[in-house]
Amino acid sequence: MTDTSAKPVRIWDLPTRLFHWLFATSVIGAVVTVKVGGSWMDWHMPLGITALMLLAFRLIWGFTGSRYARFNSFFVSPKQTWSYLKTRPHVESAGHNPLGAWSVFALLLVVGVQAFTGLFTTDDILVQGPLNQFVSGDVASLMTSIHKFNENPLFILVGLHLVAILIYAIRGVKLVPAMVTGNKAEAELPANTRAARDDIGLRAWAFVLIVLLGSIGWWLYELGQTAPMSF
């Protein structure tokens, strides 16, 4: 007799999974390059622009993607979050639980601030953002200050995210494999959980977004390469 408890249910569509890993790579890469400095700084701006375009993709995907990638599927109030913390259900939700939901929104916000302000920054030595040339010195200085100040909240959120993954792994909840395969075992999900859409039509829409946002990202990169230096 076949054991149906291990039957896989598609939760995360392919575009969401690709976003997740590319976003993590670009953010970590941007942090590493700015900390190492030197010639590695040549990669900092491209990685920051990549992170910004990926974030724009995720915002659009939050309204047009598959079931569990949409914001309305995991947006929760503080009251609902507190209730979750008190009850600690044995079976996790199919998509993001309340803590995971707040983590997603916080990371998108903080990385968004970091990537957006980076477009206007300057170190007055070698590096400046592609849009720095269009703003006054005061605006550039403000954006640079925010960019530097926002580093610590970013580090804290990324650290908490990694700690949460470790804690859930210790509890037997495997978050990472699900974000690789897109599937969760039926036994680990609430009864009658519906699978997410992950067909060719959805992936084609994601491809269109990638081409459009990739073009904008490339334009920003080229703009930065050809901009006259302000220092």
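Could you grab me the full set of residues in the range 126-152 that are under 25 Å from the mean Cα position of the chain (by Cα), part of a loop (DSSP other than H, G, I, E, B) and not aliphatic (A, V, I, L, M)?
G129, P130, N150
Go through the range 190-231 residue by residue and tally those that are under 14 Å from L54 (Cα atoms), surrounded by fewer than 12 Cβ atoms within 10 Å (Cβ to Cβ) and touching a Ser or Thr at 6+ places or on another chain (Cβ under 7 Å).
0
In the range 50-103, what residues are charged (D, E, K, R) and farther than 30 Å from P130 by Cβ? Spell out how you get there, then give the answer.
Taking the range 50-103 as the starting set, the residues that turn out to be charged (D, E, K, R) are 58, 67, 70, 79, 86, 88, 92.
Those that are charged (D, E, K, R) and farther than 30 Å from P130 by Cβ: R67, R70, K79, K86, R88, E92.
The numbers here are math on the coordinates, done by the rules we state, and not lab data. All values derive from a computational prediction rather than experimental measurement. Quick reminder, even Gly has a Cβ in these numbers, built from the backbone with ideal geometry, and neighbours come from all protein chains shown.
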